Amino acid sequence: MIARRLLVHGRVQGVGYREAMVEAARRAGVSGWVRNRREGQVEAWLEGEADAVDGVIEWARRGPMLARVAAVEIEFVAQEGFAEFTRAPTA
């Protein structure tokens, strides 16, 4: 089991990015959360099996059809034990 924090840059707000990430993470069996940042990025916390987390990270680099992902910052973090993947309030 691994955990990663993502900061996604580009046109990622107002294009259904968070909702699509919730679906992608749940399909992969990944827990954690996703939220908008006031600065314009999307932030996500992913926990799960390495292959599943890596798959969601690959999805995050593309995003949904209307998104234009410019970069994804990835931080190695300690697991916090989330039970499911949710949409969190803007930070």
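At a glance:
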read-out: Total formal charge among the other residues, if their Cβ is under 14 angstrom from that of E19, Lys/Arg +1 and Asp/Glu -1; value: +4
read-out: Estimated dipole of the chain in Debye, rounded to 20 [Cβ of Lys and Arg +1, of Asp and Glu -1, Cα centre]; value: 460 debye
read-out: Label-point gap, in nm, between I57 and T86 - each point 7 angstrom along Cα→Cβ; value: 2.5 nm
read-out: Net charge of Cβ neighbours under 12 Å - reference V69; Lys, Arg +1; Asp, Glu -1; value: +2
read-out: Cβ-defined net charge surrounding M1, 14 Å radius [Lys, Arg +1; Asp, Glu -1]; value: -4
read-out: Sparse-neighbourhood loop sites, GluC sites (Glu not before Pro) in the chain - DSSP loop, at most 13 other Cβ within 10 angstrom; value: E39, E49, E80, E84
read-out: Kirkwood Rh in Å, taken over the range 2-87 so that all alpha-carbon pairs contribute; value: 12.4 Å
read-out: Potential extension, M65-V77 segment - 0.36 nm per residue separation minus Cα distance; value: 1.5 nm
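No value in this document is a laboratory result; all are computed from the given coordinates. This structure is a prediction, so every number in the text was calculated from the model and none was measured. Note that we place each Cβ from the backbone using ideal geometry, even for glycine, and neighbour counts take in every protein chain shown.
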